[in-house]
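Visitor: Sharing a structure with you now.
The values are calculated or read from the model by the stated rules, or taken from the named source; none is laboratory data. Since the structure is predicted, the reported quantities are computational estimates derived from the model, not experimental observations. Note: ideal-geometry Cβ built from the backbone for every residue, glycine included; neighbour counts use all protein chains shown. All accessible areas refer to the heavy atoms of the entire protein, side chains included, with ligands and DNA or RNA removed. Shrake-Rupley method; radii C 1.70, N 1.55, O 1.52, S 1.80 Å.
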Amino acid sequence: MNNKHWIGNIGVQVVIAMFLGAAVGWWLGEDASMFAPLGTIFIHLIKMLVIPLVLVAIISGAASLGDTPSAGKIGLGTFGFFIVTSGIAVTLALVLGNLFQPGKGVDFTAHSMTDLMEVTKEQGDLPGVMDTFIGMIPTNVFESLTGGNILQILVFSIFFGIALTKVKGDGAKPILGALNAITEAMVWMINCVMLVAPIGVFGLMADSVG
């Protein structure tokens with residue numbers, strides 16, 4: 001079975017699992033929470049693999065393009081893509097928020113206005129454009145990895161990947177070989193996790209609807 005057929009089959013199974021999970025959640029009600037661990041395990045598996053895969057794949061890709069004239073264009077294009085998609089995501093969230101007004105009708109009498117203001121203060125002000133660009137540069141890459149800051153990981157990975165191409169001699173070849181091997185291993189792990197995606201989606205939908 002080729003990759004397209006495999007991905008298509010998984011997609012169909014996930015859609016079926018969504019409807020089946022919604023039906024089971026509606027039928028069982030709150031008792032459907034028994035399926036919540038299935039979704040939680042699936043989410044944890046995805047989180048376990050995403051950050052290492054992004055780190056290794058971007059470093060490997062940047063290293064393979066580091067000596068070509070298109071490297072700079074691809075780097076700028078990548079950042080542009082993230083900025084544009086982030087803008088679309090924010091716009092979509094604002095439109096849907098105004099349309100559906102989530103939280104409308106919720107009783108906040110149990111919380112004083114002081115408590116609500118304190119929570120808002122803890123969240124901080126929205127960063128400006130320059131602050132956003134500055135925030136893309138990690139001060140501690142390990143903190144970025146543990147915090148899942150994709151933009152900071154992206155900046156470091158591209159920078160490090162290009163730096164590997166500047167190493168004189170064959171010193172970087174063992175590292176590049178290891179990165180490629182790790183990438184292949186991570187992709188295999190992702191494929192294994194995707195095999196249980198329908199089960200995880202079923203658990204998430206059943207618990208949410210229930």
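Visitor: Sort Ser86, Ser60 by heavy-atom solvent-accessible area, probe 1.4 angstrom, most to least. Can you show the working numbers first?
Guide: Values: Ser86 60, Ser60 20 Å².
Putting Ser86, Ser60 in descending order of accessible area: Ser86, Ser60.
Visitor: In terms of the Cα gyration tensor, with a ≥ b ≥ c the square roots of its eigenvalues, is the stretch 147-210 rounded because a/c is under 1.5, prolate because a/b exceeds b/c, or oblate?
Guide: oblate
Visitor: Run the simple label-point estimate for Ala185 and Thr40 please: 7 Å along Cα→C-beta, distance reported in nm.
Guide: Simple spin-label model gives 2.9 nm for this pair.
Visitor: Between Ser208 and Phe82, what is the label-point separation in nm under the 7 Å Cα-to-beta-carbon projection?
Guide: 2.6
Visitor: Also: Each residue of the stretch 31-45 in turn: what ³J(HN,Hα) in whole Hz from Karplus with 6.51, -1.76, 1.60 and θ = phi - 60°, glycine and Pro shown as x?
Guide: Along the stretch 31-45, the couplings run 5, 5, 4, 5, 8, 4, x, 4, x, 5, 4, 4, 4, 5, 5 Hz.
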